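Contents: one structure, followed by commentary.
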Amino acid sequence: MSLMQSTTAMLHGRVVTYAEAGAGPVLLLVHGMGGGYENWREVIEPLASRYTVVAPDLPGHGASAPGNGDYSIGALAVGLRDLLVALGHERATLVGHSLGGGIAMHLAYQFPELAERLVLVSSGGLGPEVSLVLRAAALPGSELWITATARTARWAGAAVGRGLGAVGLRPTTDAAEVARGYASLVDPDRRAAFLATLRSVIGVRGQRIDASDRLYLAAGVPVLIVWGARDPIIPASHGERAHQAIAGSRLEIFDDIGHLPQLEAPARFVAVLERFLEQTEPARFDAREWRARFQSTNDELNRPRASRRAAG
């Protein structure tokens, strides 16, 4: 029998659905846009043999109830912190895929004492480039088209799969998972949550949130970056740039893999993640070191200005 069993918690009067399995150090798995904890279905059980795995459905996604209307990255990060507290977990390794990567980064930024490690999988929030499909969905009035097509749920899976394949998504795991999430948008609450979440992070020009200017703060946290070389949603170059910006980080590029390494190459994904966990020590938050990072950056910014004034 599979270890992946979903359960629910009541947070702030709303139902949150999550999968929890295993025992040991905590891994928080955060899914991407329009997904759910099932985006981790191939890796939960093997990881649970050595770790406590917590994989929630974000508000308005999967089987979780819609949120209070605030689907910003910050609000979603706070919700995950609250879930961990409710479950009795004080610290965790944060593993985020796509949108979930952006949420994981924000969670580590807002609550650095909580983050033992940070794992970014095909992560959002590292540059403006993103699939034309998502940029189009952010357009005003896109809900009319989504409503009309999602109502034909049986047809939508095949049709969306063909359509996404035409714009670069491979007609395998990538397209199948996006089509699965798309079909769920037949529900008005799910559709509203999807659009609100999407528009909080993506506009017609691309991703609206970029954490690149704060990546230096991750220097004290073990960081693993995993990407598919053929990712059609967010280019692997974002991962390469983040790796260069984060001292001591590790980068794993999966050849011939798209946007979902954890589903397209689950055995390799688990092996890479477990090796990273075994070879790194969990970070311990130190307020003095945290303050020093901010101060050193300010010193670097102020130094050229002082030199220019002296030269004048």
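Can you tell me which residues in the range 49-81 are on the phi > 0 side of the Ramachandran plot and open to solvent by 40 Å² or more (accessible area, probe 1.4 Å)? Once the filter is applied, which keeps residues that are on the phi > 0 side of the Ramachandran plot and open to solvent by 40 Å² or more (accessible area, probe 1.4 Å), the range 49-81 yields Gly62, Gly69. Is there a residue in the range 106-113 that is acidic (Asp, Glu) and closer than 15 Å to Ile209 by Cα? No, the conditions are met nowhere in the range 106-113.
Looking at the range 45-127, the strands (runs of 3 or more DSSP E) lying wholly inside it that each contain 3 or more residues that are out of contact with any Lys or Arg (no Cβ under 9 Å at 6 or more places or on another chain) sit at 52-56, 115-121. Tell me whether the range 34-48 contains one or more residues that are in contact with a strand residue (DSSP E or B) (Cβ under 7 Å, 6 or more places away or on another chain), among the aromatic types (Phe, Trp, Tyr) and open to solvent by less than 10 Å² (accessible area, probe 1.4 Å). For the range 34-48, residues in contact with a strand residue (DSSP E or B) (Cβ under 7 Å, 6 or more places away or on another chain), among the aromatic types (Phe, Trp, Tyr) and open to solvent by less than 10 Å² (accessible area, probe 1.4 Å): present. What about Pro232, is it modelled with pLDDT under 95 and surrounded by 14 or more Cβ atoms within 10 Å (Cβ to Cβ)? In short, yes. Kindly indicate whether Gly127 is in contact with a strand residue (DSSP E or B) (Cβ under 6 Å, 6 or more places away or on another chain) and open to solvent by less than 10 Å² (accessible area, probe 1.4 Å). No, not satisfied.
The values are calculated or read from the model by the stated rules, or taken from the named source; none is laboratory data. Just so you know, these numbers come straight off a predicted model, no measurement behind them. Virtual Cβ from ideal backbone geometry, glycine too; neighbours counted across all protein chains shown. The protein model used for the area step is the full one, side chains on, heavy atoms only, and it has no ligands, DNA or RNA in it. Shrake-Rupley method; radii C 1.70, N 1.55, O 1.52, S 1.80 Å.
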